[in-house]
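Only one structure is covered here, and it is reproduced in the block below.
The values are calculated or read from the model by the stated rules, or taken from the named source; none is laboratory data. Given the structure is predicted, the values throughout are model-derived calculations rather than measurements. Glycine gets a Cβ as well: all are built from the backbone with ideal geometry, and neighbour counts include every protein chain shown.
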Amino acid sequence: MSTEVLLFAGLGLLALSIFLVMAELFIPSGGVIAAIASVSAIAGVVSLFRVSTMWGVTGLLAVIILGPIAFNFALKIWPNTPVGRRILHGTLSEADLRAKEEAEIAQRDQWKSLLDQTGETLTALRPIGTIRISDQRYDALAESASIPAGTPIRVVEVQGRQIKVRAVDATDSS
């Protein structure tokens with residue numbers, strides 16, 4: 001086999017291995033395609049060493065450097081592929097995913113609407129306990145060290161699902 005044919009074969013096998021790593025993202029094969037990509041990369045490096053030591057070392061460095069880069073790129077885009085979404089989110093369709101995201105946004109807005117609401121403590125907040133706001137029970141965090149049970153409270157901060165409250169006087173109108 002001529003050195004020119006070996007050179008093109010080696011470069012082609014290296015390109016094929018990178019293409020196969022990317023194809024593994026879209027075609028669930030249980031790692032079979034990745035194994036073929038590894039064999040292809042090894043065969044490409046061997047072919048390049050048969051051309052010359054310089055081409056072999058260059059091919060080996062390309063596999064050592066470009067392999068992890070291609071794998072990292074593949075991991076970054078994989079959650080956005082149909083296979084990645086199906087594995088990570090179950091068998092949800094695009095409409096189901098949108099509905100799920102909208103429900104999460106609505107729930108986040110519902111928690112944010114608790115800001116400045118008043119209620120009372122059901123248990124002592126030392127500093128965590130249970131409060132009631134409009135016949136709903138929530139776990140809350142006292143802004144001060146402790147708030148006794150039965151004390152009127154006002155929600156002063158909401159971060160995610162954490163509600164921070166402060167005791168209010170019956171005469172406090174703010």
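Restricting attention to segment 116-137, does a residue exist that is out of contact with any His (no Cβ under 6 Å at 6 or more places or on another chain) and modelled with pLDDT under 85? Taking every residue of segment 116-137 in turn, none turns out to be out of contact with any His (no Cβ under 6 Å at 6 or more places or on another chain) and modelled with pLDDT under 85. Mind checking whether some residue in segment 117-138 is among the charged types (D, E, K, R) and in a loop (DSSP other than H, G, I, E, B)? Checking segment 117-138: at least one residue is among the charged types (D, E, K, R) and in a loop (DSSP other than H, G, I, E, B). The condition (being buried (at least 18 other Cβ atoms within 10 Å of the Cβ) and either closer than 27 Å to THR81 by Cβ or in contact with a His (Cβ under 8 Å, 6 or more places away or on another chain) (or both)) is satisfied by just one residue among VAL45, VAL21, VAL32: VAL21. Filtering segment 106-158 to residues that are closer than 14 Å to VAL168 by Cβ and polar (S, T, N, Q) leaves GLN117, THR118, THR121, SER144, THR151. The residue that is surrounded by the most Cβ atoms within 10 Å (Cβ to Cβ), among those in segment 124-170 that are hydroxyl-bearing (Ser, Thr, Tyr) and under 20 Å from GLN107 (Cα atoms), is TYR138.
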